[in-house]
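We did not get these values from a lab; they are worked out from the coordinates using the rules stated. For clarity, every value in this text was computed on a predicted model and none was experimentally measured. As a convention, Cβ positions derive from the backbone with ideal geometry for all residues, glycine included, and neighbour counts pool all protein chains shown.
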Amino acid sequence: MIEVIYALAGIGILFNFLGGIGLVRFPDVYTRLHAETKCTTFGSIFIVLAILLYELVNWSTNSWVMSFHSIIALIALIITNPAGAHAIARAAHRSGVHPKEAVVDSYEKVKR
Amino acid sequence: MNMLFLGIGSILASFILLPLVRMISGPTIPDRVVALDAMNTFVVVSMLCFGLGYNSPIYIDVAIVYALLSYVTTLYIAKYLEGSL
Amino acid sequence: MKAFVITSAACFIFYLVLTAGSGAIGLWSIYEIIAGLLLSIIVGFVSQKYVGGRMSKKALDPMRWMRFFVYLIYPLFWEMLKSNVDVAIRVITMDIHPGIVKIDSKQNNDIGVTLLANSITLTPGTLTVDVDEKNNLYVHWIDVKKKQPKTEDVCGKMADWVRRITQ
């Protein structure tokens, strides 16, 4: 069972790491948001799965509280991360940061 | 004490250095806000792991409040950048 | 009044869930119950004008919740898996053709648009930037294939799923 916990935590760490690397390597703010939002949210899901599995295997008196509160924290992350990314993207476009190397930009023509 | 999750939490906390690079070198303000958002996510996840490592549920409660408050911060800065504040 | 009661009850239940296991009456201590009641009444009183008038009976339909949980597992989690592998490969190879495109979201209410926009942000190579009055979404696409895409090109079957959940 401990191997499964190691595997889940490893996947979570890997995706979080790739999110951070993407944040450093991508060329403009929109692509950076892609890396940040998707990879860190997905990595967090796997970390919380590892926590839940660990609590399930080593059940003790406050395991119920720990696992339930972890799930609530995960739900808060899943709801707030995309909404925050959406807010930053819109604010960036309205404050005059345009996508680099863009093939098409339909949002350019919209009047504000 | 639980060395496995303390180790995972330490690794995740060390990833905060990556957004820090972007936050210092980011050419525009939205870049820095994105870096702040990523840092907040890493802090929340590593706090969950530390809560398990020290076996105290209070860390996890703090993580929930931190996640919600960081979302409010992000929305506030975004509002300010749009110029509608 | 209805909004006040519903908001207070939801806050009280959430408070009880968060503090379960603290004492002797059931799972809770008497202090937690009193504090939770007071706080939830205050919160309900303050926030009743923000939630009032927006509630509908659709939220009580169990079939919609069933469809919502199925939606979370099959289309959403699977697409998230694909999108993360996709973005991970792009982080390493830097093969990107970004652009902002406009699609029709096919929704007619706020909750549907919110759910679809968040789902689009979490799925392959797409990020919602804005939504206008006619519920058209402006999507930043990391690998633009068509300049005037249809809804299915960007988010697959998810628009229909969300419409079945919320309408």
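Details
- One Cα centroid belongs to segment B:1-47, the other to segment B:68-85; the line between them spans 20 Å.
- In this structure, B:LEU4 and C:ILE92 have a Cβ-Cβ separation that, at R0 = 35 Å, corresponds to a calculated FRET efficiency of about 0.80.
- Per-residue average of Cβ from other chains inside 10 Å of B:57-64: 6
- Each listed q (0.12, 0.14, 0.21 Å⁻¹) maps to a log10 I(q)/I(0) for segment C:20-167, found by the Debye formula over equal Cα scatterers with no solvent: -0.68, -0.81, -1.24.
- Nearest 10 degrees, 0 to 90: helix C:78-93 Cα axis against chain C principal axis: 50
- Here C:LYS58 is the anchor, and the aspartates and glutamates within straight C-alpha reach of less than 20 Å, apart from those fewer than 8 places off in the same chain, are C:ASP110, C:ASP160.
- Volume of the convex hull of chain A (Cα atoms only), normalised per residue: 107 Å³.
- When you filter the chymotrypsin sites (Phe, Trp or Tyr not before Pro) in segment A:22-68 for DSSP loop state and at most 16 other Cβ atoms inside 10 Å of their Cβ, you are left with A:TRP59.
- 0 to 90° range, to nearest 10: angle between helix A:2-25 axis and chain A longest Cα axis: 20
- In the calculated pair-distance distribution of segment C:74-140, the portion above 13 angstrom amounts to 65 percent of the Cα-Cα pairs.
- Per-residue Karplus couplings for segment A:89-106, computed as 6.51 cos²θ - 1.76 cosθ + 1.60 with θ equal to phi - 60°, are listed in order as 4, 5, 5, 5, 5, 6, 8, x, 9, 9, x, 7, 6, 6, 6, 8, 9, 6 Hz, Gly and Pro entered as x.
- Treating r as the C-beta distance of C:TRP78 and B:SER84 and R0 as 41 Å, the FRET efficiency rounds to 0.65.
- Measuring between their Cα centroids, segment C:71-99 and segment A:1-47 lie 11 Å from each other.
- The eigenvalues of the Cα gyration tensor, multiplied by 5 and square-rooted, give the protein assembly as shown an equivalent ellipsoid with semi-axes of 33, 27, 19 Å from largest to smallest.
- Between segment C:17-49 and segment A:50-64, the Cα center-to-center distance that results, in Å: 26
- Principal-axis tilt of helix C:30-51 within chain C, Cα atoms, nearest 10 degrees: 50
- Using θ = phi - 60° and Karplus 6.51 cos²θ - 1.76 cosθ + 1.60, couplings along segment A:49-59 (whole Hz; Gly, Pro as x): 4, 4, 4, 4, 5, 4, 5, 5, 6, 9, 6
- Shielding by partners - mean other protein chain Cβ count within 10 Å, residues of C:125-135: 4
- In sequence order, calculated HN-Hα J values of segment B:22-30 (Karplus, 6.51, -1.76, 1.60; Hz; x Gly/Pro): 5, 5, 6, 9, x, x, 10, 5, x
- Diagonalising the gyration tensor over the Cα atoms of segment B:3-82 and scaling each eigenvalue by 5 before taking the square root yields semi-axes of 27, 16, 5 Å, largest first.
- Per-residue mean of foreign Cβ neighbours for A:60-67 is 4 (Cβ atoms of other chains, 10 Å radius).
- Each peptide among C:100-106, C:26-32 gets the average number of other Cβ atoms lying within 10 Å of its residues, and from highest to lowest they stand as C:100-106, C:26-32.
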